Amino acid sequence: MSRPVTVTTISLPEPTPCQSLNERIKTALEYVDRALLFHPDLILLPESYPVYNSSEKVFSQALAMSDSINGLVGEKARQGNCYILNTIPERHDGRCYTTAFLLDRSGKVCFQYSKSHLAAFEQDLYGIVPGEQLPVYETDFGTVGIMICVELHFPEIAGTLALKGARLLMMPTQAYGPSQDLLMSLIRCRAFDNQVSIAVSNFSQEPYFPGKSIGRSCVVSVDGTILADTGNR
């Protein structure tokens with residue numbers, strides 16, 4: 001039997017290069033606290049918020065603290081009795097990945113996906129390697145899948161996840177171009193083509209100008225309608 005599902009997606013202020021790892025995490029958790037006021041079933045945070053626009057030092061610290069970061073976010077999931085998607089860098093078997101961890105209502109990692117299609121700079125700049133699977137997961141409100149940032153540009157990813165049964169695709173991102181019109185069109189097309197809902201979480205910069213982080217965290221329905229949109233805030 002179907003029931004209403006509440007999805008809350010965060011448009012996180014883009015961190016400055018001088019912000020420490022602790023400051024970045026603190027800001028993210030403050031926004032999660034605000035999201036919890038809506039009593040959601042699911043909260044999304046944007047891609048790699050602990051290290052986006054950071055130094056090599058912060059990136060190394062975040063790699064060493066991935067379990068601790070998941071623990072902090074997991075505690076918020078437990079407090080709010082909701083799922084939270086937490087996308088951070090991790091080191092596994094001596095290799096670095098961008099991994100989306102889904103924390104369940106008890107605060108435990110119940111599902112994870114390592115980004116399988118990388119942007120051109122990720123391997124050279126951070127030494128990140130691609131994951132090799134496109135899994136889906138059955139939550140207590142339905143089957144979900146994950147695509148991260150540039151993976152939006154590969155139609156086969158959303159299509160594969162939909163064929164595997166996903167009805168909601170979660171998309172943490174740090175996308176800002178080449179234009180927000182193109183990005184929003186692609187998101188709506190992926191939803192309509194595959195008859196799935198899509199939730200996106202991104203960074204924002206104010207005041208907004210072209211070339212800056214666009215915000216536009218949103219929830220899109222199966223017919224491509226934008227149900228909720230933060231705008232450029």
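Descriptive notes on the structure:
- Selection of segment 195-230 for residues being over 21 Å from Pro4 (Cα atoms) and over 17 Å from the mean Cα position of the chain (by Cα) yields Gln205, Glu206, Pro207, Tyr208, Phe209, Pro210, Gly211, Lys212.
- The requirement of being surrounded by fewer than 22 Cβ atoms within 10 Å (Cβ to Cβ), modelled with pLDDT of 95 or more, part of a helix (DSSP H, G or I) and touching a strand residue (DSSP E or B) at 6+ places or on another chain (Cβ under 8 Å) is fulfilled somewhere in segment 13-27, by at least one residue.
- Note on segment 162-188: residues that are hydrophobic (A, V, I, L, M, F, W, C) and touching a helix residue (DSSP H, G or I) at 6+ places or on another chain (Cβ under 8 Å) total 7.
- Among (1) in contact (Cβ under 8 Å) with a residue 12 or more places away in the chain; (2) open to solvent by 60 Å² or more (accessible area, probe 1.4 Å); (3) farther than 25 Å from Ala228 by Cβ; (4) assigned to a loop (DSSP other than H, G, I, E, B), the one test that Phe38 misses: (3)
- For Ser114, the test of being crowded, with 19+ Cβ neighbours inside 10 Å, polar (S, T, N, Q) and modelled with pLDDT of 95 or more is passed.
- Screening Ala120 on (1) of a type outside the set (Phe, Trp, Tyr); (2) farther than 15 Å from Val196 by Cα; (3) free of Cβ contacts under 8 Å to residues at least 60 places away in the same chain; (4) open to solvent by less than 40 Å² (accessible area, probe 1.4 Å) shows it passes everything except condition (4).
- Scan of segment 186-207 for residues that are open to solvent by 60 Å² or more (accessible area, probe 1.4 Å) and either touching a Pro at 6+ places or on another chain (Cβ under 9 Å) or hydroxyl-bearing (Ser, Thr, Tyr) (or both), ordered by number: Cys189, Asp193, Glu206
The values are calculated or read from the model by the stated rules, or taken from the named source; none is laboratory data. Remember, predicted model here, so these are calculated numbers, not experimental data. All Cβ positions, even for glycine, are placed from backbone atoms using ideal geometry, and neighbour counts span all protein chains on display. In case anyone asks, the SASA skips ligands and DNA or RNA and just uses the protein heavy atoms, side chains included. Shrake-Rupley method; radii C 1.70, N 1.55, O 1.52, S 1.80 Å.
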